[in-house]
Amino acid sequence: MTTEPVDYGCEWPVDAACFEDDWDALDPTVQQRSIDLASATLRRLTGYRVGGCPITVRPCKASCRDLAFPSYYDMLRYGSGVSFWPHINSDGLWVNSCGCTTSCSCTMLCEVTLPTPVGPVYAVKVNGATVTSWRVDGDRLVWTGTTACPWPACQDLTKADDQPNTFSVTYLNGYPVDTLGAYAAGVLAMEFSKACAGKKCRLPANVTAITRQGVSFEIASGSFPGGMTGIREVDTFIGLWNPKALQQSPQVWSPDQRRPRVVPTVGG
């Protein structure tokens with residue numbers, strides 16, 4: 001049995017294969033709290049690379065200035081309109097291109113770059129209307145329609161994304177939880193439920209459980225030293241995604257690239 005995530009994946013899917021017989025006898029509130037704790041713990045110990053809630057970003061290009069007189073940088077990025085244009089590509093190599101928008105294509109690409117990692121994309125809106133003619137190539141949202149490119153160079157960030165002159169993308173800023181992750185969540189949720197009931201469990205000794213009316217939990221400071229739980233099945237999954245026990249995924253920052261604005265999302 002697998003319970004499906006809610007709100008586009010805010011709660012991890014849980015494989016109940018390792019639930020013990022007394023799980024069904026638990027108060028539903030205790031069950032839910034155990035699953036929530038397991039989800040939050042795995043989210044943190046994987047360096048926030050896996051799972052989580054969707055985000056909505058409001059992309060715009062690096063510069064909103066008029067391109068009537070483009071700079072050298074703008075010609076390289078958005079196309080120079082010439083048939084032959086030598087330049088340094090993103091790998092630092094001199095190449096000859098056809099006045100294209102990237103160093104690997106000689107056609108005018110209609111795309112925007114999203115903050116990584118890029119999981120499932122749930123909605124793309126332009127001028128308040130949902131558009132569907134697109135695909136995801138790595139961290140890029142590419143227009144595949146036969147009409148003109150709808151991605152605006154600039155937008156009115158004072159308006160909600162259901163209004164004219166707006167552009168938004170809602171997607172999971174993480175990797176989806178696979179079957180192994182769902183299995184690990186089930187194992188960990190079972191151990192949290194035992195801790196709540198004051199039973200012997202496989203959680204580290206410095207994870208304490210305080211039971212108040214059967215539902216209150218507390219995780220002591222410094223829990224899960226080294227980024228592992230000590231539970232073999234769970235740590236196997238964590239080790240696949242975060243072998244160096246990083247607290248969060250590394251980020252690349254450049255003063256030449258403006259990151260899209262992230263706006264609040266229901267369920268986030």
For this session: May I have the extent of the alpha carbons of region 111-192 along their three principal axes, as whole Å values ordered from largest to smallest?
Result: 52, 28, 18
Exercise. Excluding same-chain residues fewer than 8 positions from Lys159, which lysines have a Cα within less than 22 Å of its Cα?
Worked result: Lys61, Lys125
Problem set entry | Estimated inter-spin distance, Val131 and Val262, nm [label 7 Å along Cα→Cβ] | 2.4
Problem set entry | Anchor Lys244: lysines whose Cα lies under 25 Å away (excluding residues fewer than 8 positions away in-chain) | none
Exercise. Order of Thr158, Thr46, Thr41 from fewest to most other C-beta atoms within 10 Å?
Worked result: Thr158, Thr41, Thr46
Seminar exercise, completed: If the chain between Asp27 and Cys110 were fully extended at 0.36 nm per residue, the gain over the current Cα-Cα distance would be 24.7 nm
Problem set entry | Cα-projected label distance for Leu240 with Leu180, points at 7 Å along beta-carbon direction, nm | 0.3
Exercise. Nearest 0.05, what FRET efficiency do Arg140 and Ser223 give at R0 = 41 Å with Cβ-Cβ as r?
Worked result: 0.60
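Since every read-out is calculated from the coordinates, none of them should be taken as a lab result. Source: prediction; values computed, not measured. Note that each Cβ is placed from the backbone with ideal geometry, even for glycine, and that neighbours are counted across all protein chains shown.
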